[in-house]
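Trainee: Mind looking over this structure? Questions follow.
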Amino acid sequence: MHTGNNMKQQKMILKILFSRFLTSIQKMMVTLKELTAKKCMFRINRDVRFSKDKSPYKTNLGASMDKGGKKSGLAGYYFHYRTGRKVFWGRHLGNLIPINFKKVRQEIDYCFDEFKKIISSKNLGRCMVICTRAKASVV
């Protein structure tokens, strides 16, 4: 991504591309029908207050697709696009409200053996490494 006027163009292009992606997903998932790109996309401006890197814009687009949008506090899908890099999307549990977070922890406790088997899987390990590098929300 770039700065200045070019950034406005990039932002508009990303919004159009994500809108197309969202439209195709909405055809398969009825629960996401009410979403708009604006309700899903995270801002591209960086919080530089405590960062050594003071560049004003992120180098990626992130979006949370769950019933109610990015601020709903529900589990959903995460979409990540980085210029010149891979695009990925998957399930996430980001921004859970406390009562839902408690429910997730309780279910893990109830089914710990199954949970341990899942998180020990080599395939999940590869996925978590990719997601961690991209700083995505992964449990």
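Trainee: May I ask you to verify whether residue 50 is among the aromatic types (Phe, Trp, Tyr) and under 9 Å from the mean Cα position of the chain (by Cα)?
Mentor: Values: among the aromatic types (Phe, Trp, Tyr): yes; under 9 Å from the mean Cα position of the chain (by Cα): no.
Considered against the rule, which asks whether it is among the aromatic types (Phe, Trp, Tyr) and under 9 Å from the mean Cα position of the chain (by Cα), residue 50 comes out as no.
Trainee: Checking residue 138 against (1) modelled with pLDDT under 80; (2) of a type in the set (Val, Ile, Thr); (3) outside any helix (DSSP H, G or I); (4) under 30 Å from residue 9 (Cβ atoms): exactly one of these is not met. Which one?
Mentor: (4)
Trainee: Next question. Does any residue of region 7-15 turn out to be in a helix (DSSP H, G or I) and modelled with pLDDT of 85 or more?
Mentor: Start the filter on region 7-15 by keeping residues that are in a helix (DSSP H, G or I), which leaves 7-15.
Next, from what is left, pick out any that are modelled with pLDDT of 85 or more: 15.
Checked region 7-15: at least one residue is in a helix (DSSP H, G or I) and modelled with pLDDT of 85 or more.
Trainee: Also: Quick one: what pairs do we get from region 38-62, first residue outside any loop (DSSP other than H, G, I, E, B), second polar (S, T, N, Q), C-beta under 8 Å, 6+ apart or different chains?
Mentor: From region 38-62, the pairs are 40/64; 57/3; 57/45; 60/83.
Trainee: In region 57-99, which residues are within 21 Å of residue 20 (Cβ to Cβ), buried (at least 17 other Cβ atoms within 10 Å of the Cβ) and among the small types (Gly, Ala, Ser)?
Mentor: Correct list: 62, 63, 64, 69, 76.
The values are calculated or read from the model by the stated rules, or taken from the named source; none is laboratory data. Everything numeric here is computed off the predicted structure, so don't read it as measured data. Reconstructed Cβ throughout: ideal geometry from the backbone, glycine too, with neighbour counts over all protein chains shown.
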